[in-house]
1. Sum up the lysine pairs in the chain that clear both bars: alpha-carbon distance under 21 Å and a spacing of 8 or more or different chains.
2. Counting helices only, and only those DSSP H runs with n ≥ 4, report the 222 nm mean residue ellipticity of the chain as the sum of -39,500 (n - 2.57) divided by its residues, in deg cm²/dmol to the nearest 500.
3. What does the net charge come to around ASN28 if you take all other residues with beta carbon closer than 9 Å to its beta carbon, with K and R at +1 and D and E at -1?
4. Just to check I understand the Karplus step: with θ = phi - 60° and J = 6.51 cos²θ - 1.76 cosθ + 1.60, what whole-Hz values come out for segment 78-87, glycine and proline as x?
5. Pick out, from TYR14, VAL101, VAL62, the residue whose Cα sits farthest towards the positive end of the charge dipole of the chain, with +1 on the Cβ of Lys and Arg and -1 on the Cβ of Asp and Glu.
6. Long-range amide H contacts for VAL97: which residues qualify at under 5 Å (H placed 1.01 Å from N, peptide plane, sequence gap of 5 or more or a different chain)?
7. Nothing charged except the Cβ atoms of Lys and Arg (+1) and of Asp and Glu (-1): what's the magnitude of the dipole of the chain about its Cα centre? Round to the nearest 20 debye.
8. Provide, as a two-decimal number, the C-alpha radius of gyration of the chain over 2.2 N^0.38 Å, N being how many residues it has.
Amino acid sequence: PEPGDLIEIKRPLYQHWALYLGDGYVINVTPVDEGAPSLFVSTVSMFTRNAKIKKQLLKEVVGNDDWHVNNKYDRSCTPLPVEEIIRRAERYIGREVTYDVLSNNCEHFVTMLRYGEGVSDQVS
């Protein structure tokens, strides 16, 4: 992956999304509970209403699940310049955010960073 790319991670019942920052790191939405592994982020966050933004190694977030770069919205949205994507992402690291599986999920978050607008096919 290249910095600014969207990473789609295939979980058993859903897709988790992260944004590649470079040097093996991604930014992604995680449960507020520090002890909860990111593998369960969407399942846990679906019930919590709050989430934390973390910078983590891609391999830690992916675990044993399949993943790929998926900049699928590039066909309909213009990505921001990479420097701006990374700058926007870094401002969120460590912040707690509101999470809603239908209107403010992990895909909304990373697409907001890449395009300036949050979108998610998962809830369409």
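Bear in mind these aren't lab numbers, they're just calculated from the coordinates by the rules spelled out. Just so it is clear, the structure is predicted and the values come from calculations on it, not from any experiment. Note that each Cβ is placed from the backbone with ideal geometry, even for glycine, and that neighbours are counted across all protein chains shown.
1. Working: LYS10/LYS52; LYS10/LYS54; LYS10/LYS55; LYS10/LYS59; LYS10/LYS72.
Lysine pairs meeting both conditions in the chain amount to 5.
2. About -7500 deg cm²/dmol.
3. +2
4. So the Karplus estimates, Gly and Pro as x, are 8, x, 5, x, 3, 4, 5, 4, 5, 4 Hz.
5. The residue sitting farthest along the positive end of the dipole is VAL101.
6. Residues meeting the amide H criterion: ALA51, LYS52, ILE53.
7. My answer is approximately 180 debye.
8. Here the answer is 0.94, to two decimals.
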